[in-house]
Amino acid sequence: MPAPQSLPPPPSGHQPYFVGDHPALDLLNTVARPEGATVDFWQSDADVERWLEKAGYGAGGGEARDAHGELLAEARRLREAVRALVEQRKAGRRGDPAVLNEFLREASSYAQLAWARGEAPHLLWTYVSTAPRARLAPLAEQAAELLVEGDFTLVRRCEHPDCILWFYDRTKSHKRRWCSMAVCGNRHKVAEFRRRQQA
Ligand SMILES: [Zn+2]
């Protein structure tokens, strides 16, 4: 795969995939092959910020607006570090955690009790640093948790030969094969059908 910095944007109309059933795997899935060519859904700080919000990391405190490409560069750096670690963990080899640990160091946070009228109290975690790298710290924490606690027999890549998406198989039978039935499951069924027709 070429350096992620050089990957083109997705064809218009395509949205980032949230099929991984784990945020660290959906992080990897921001590089995908929606129409045969490898693309990067992250082309700007705003793309990263939108993705973080959609992935449930709350609204940023203006980091993206002021980051001048720093959030994008850091997010891509975290992503490729996590990709290497996940691939090595999957292959049963040791990975180098140095880059991931840089992000984890930014993860200092404190709890605040939030208690809105008519609601139950809940804890709100506030991160000390407001640097772009700190915006990615919760994601780095979840990646580290996956590497430590994840069952890597269930961390798999979509079986379609032209697909590079990752997922965590949380099905009861543990027989999930596709990133999504609607995309690769269907592509496979159509190909199988054609093959049988020709036979
Ligand atoms: Zn797929």
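For this structure, a couple of remarks:
- Single residue of region 55-76 satisfying the filter (in a helix (DSSP H, G or I) and surrounded by fewer than 18 Cβ atoms within 10 Å (Cβ to Cβ)) that is modelled with the lowest pLDDT: Arg65
- In the set (1) at pLDDT 95 or above; (2) under 24 Å from Val19 (Cβ atoms), the condition left unmet by Asp96 is number (2).
- Test: Ala116 is away from the ligand (no atom under 16 Å from the Cβ) and surrounded by 16 or more Cβ atoms within 10 Å (Cβ to Cβ): no
- As for region 113-129, it holds no residue that is in a helix (DSSP H, G or I), out of contact with any Lys or Arg (no Cβ under 8 Å at 6 or more places or on another chain) and modelled with pLDDT of 95 or more.
- Test for Leu139: is it of a type outside the set (Val, Ile, Thr), in a helix (DSSP H, G or I) and either touching a Phe, Trp or Tyr at 6+ places or on another chain (Cβ under 7 Å) or over 18 Å from Asp26 (Cβ atoms) (or both): yes
- Tally of residues being in contact with a Lys or Arg (Cβ under 6 Å, 6 or more places away or on another chain) and more than 16 Å from the ligand (Cβ to nearest atom) across region 143-199: 2
- Cβ separations smaller than 8 Å between residues 6+ apart or across chains give the following pairs from region 169-181 residues that are closer than 10 Å to Arg157 by Cα to residues that are among the polar types (S, T, N, Q) and within 11 Å of the ligand (Cβ to nearest atom): Cys179/Asn29.
- Number of positions in region 167-196 that are aromatic (Phe, Trp, Tyr) and assigned to a loop (DSSP other than H, G, I, E, B): 1
- Yes/no for Glu80 being more than 16 Å from the ligand (Cβ to nearest atom), of a type in the set (Asp, Glu) and modelled with pLDDT of 95 or more: yes
- Test: Ala24 is in contact with a Leu (Cβ under 6 Å, 6 or more places away or on another chain), touching a residue at least 24 places away in the same chain (Cβ under 8 Å) and among the small types (Gly, Ala, Ser): yes
The values are calculated or read from the model by the stated rules, or taken from the named source; none is laboratory data. What you are looking at is a predicted structure, and each value in this text was computed from that prediction instead of being measured. Because the Cβ atoms are built from the backbone with ideal geometry, glycine has one as well, and the counts that use them run over all protein chains shown.
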